[in-house]
Each structure stands twice: as structure tokens, then as C-alpha cells.
Amino acid sequence: MKTVALRLPRLPLAPQLLLALLLLCVLAPLPARAADSNLLVAGAWIRQPTPGSDVAAVYLSLENVGTRAVKLIGAESPAAAMVMMHETVESGGQSRMRALNAVWLAPGASVAFTPGGRHLMLHGLTHPLQVGERVPLALEFAGGIKLHVVALVRPLGAG
Ligand SMILES: [Cu+2]
């Protein structure tokens, strides 16, 4: 940058150079952000846990509007010690949860986390969640991408 400045001794050019440098600085972080903007999250909510319980399920829908497949590998929240991905499965009339390590989304694909199906499980809640509370959550994708979401706590009976 110094050598470029030296080759342009005329003062009127300096503001343009400065503007170019500023633009470079502004544009530089774009690739990382672009990856985030290829993911849309809608309707994130948490079912209020039963009193005394320190786990809660998070539901949301996620859409990949980008041109590359993405892989959801986990989540974290300041409201919980740990967040896991679960899937509810029915077998022999019993419903149980099993852990999911990753959820892939092809370009254009959507995935729903809904009651009775996939969900994010908050473990070790830091405090009792109140209806109407907004809980921050960061979805983590392969490649170091994080998507910040706010989930609304809804009543226990909500579906
Ligand atoms: Cu679960």
C-alpha cells in the first residue's frame, strides 16, 4: 500500500485511495457473512419445561437458500450447559429420543424441528424459563458457521 501511495503524489487522488481502502475493509468480511445469509430460520420456540425440569426442547424451521449443502452439527445457548440434537422415534408404541450428530441440508432444502420429531434439547438450564422469555441460541454448522437465533418460550401445552 505504501508503494502505491508513493506513486500517486498528487493530493486529489488521496481521498479516492482512502475510499478504496475503506471499501476494501468493509467488503473483506463478506464471504463469512454470506454463508450465514444463505440460511433462514423461522419460528424458533421453546416449550416451557415442566416445573423442576432442567431440560427443554427447541423447535424451529431451517432453510438453506444457498447453493451449497450445509451441515448443522450442533448448537449452544447461554441459557443451558449443553445443547443436543435429538430425534423422537416411535417404536413398539413407545416414543423415545435418540441423538443426532448432524443434519444435512441440500441447496434449497428445508428441515423442520417440530414436536414429535427433531428438536434441539437444552440440557442443564441455567434458570427456569418463563413464558414469553426470549432465549438466544447459536446454531453451529460445519465450516465454523454460526447462526444466531432467538427462541420464544411458549406454554407447556403449546404444540
Ligand atoms: Cu430430546
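Every number here is computed from the coordinates shown, using simple stated rules; none is lab data. Bear in mind the structure is a predicted one, so any value in this text is a computation, not a measurement. We place every Cβ from the backbone using ideal geometry, glycine too, and count neighbours over all the protein chains shown.
Rounded to the nearest 5, what is the percent of antiparallel bridges among the DSSP beta bridges in region 38-154?
Working: 44 of 47 bridges.
In region 38-154, DSSP labels about 95 percent of beta bridges as antiparallel.
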Rounded to one decimal in nm, the spacing of the 7 Å Cα→Cβ label points at Ala42 and Met82 is 3.3
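Mind giving me the FRET efficiency for Thr67 and Met97? R0 is 41 Å, r the Cβ-Cβ distance, nearest 0.05 is fine.
About 0.80, to the nearest 0.05.
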One finds the C-alpha centres of region 104-131 and region 50-73 to be spaced, in Å, by 4
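Extension gain Thr126-Val150, at 0.36 nm per residue separation less the Cα-Cα distance, in nm?
7.0 nm
What's the magnitude of the charge dipole for region 38-154 around its Cα centre, counting Lys and Arg as +1 and Asp and Glu as -1 at the beta-carbon? Answer in Debye, nearest 20. Mind dumping the intermediate values first?
Details: 9 positive and 7 negative charges, 25 e Å.
Approximately 120 debye in magnitude.
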For Ala112 and Ser53, FRET efficiency with R0 = 25 Å and r from the beta-carbon atoms, rounded to 0.05?
-> 0.55
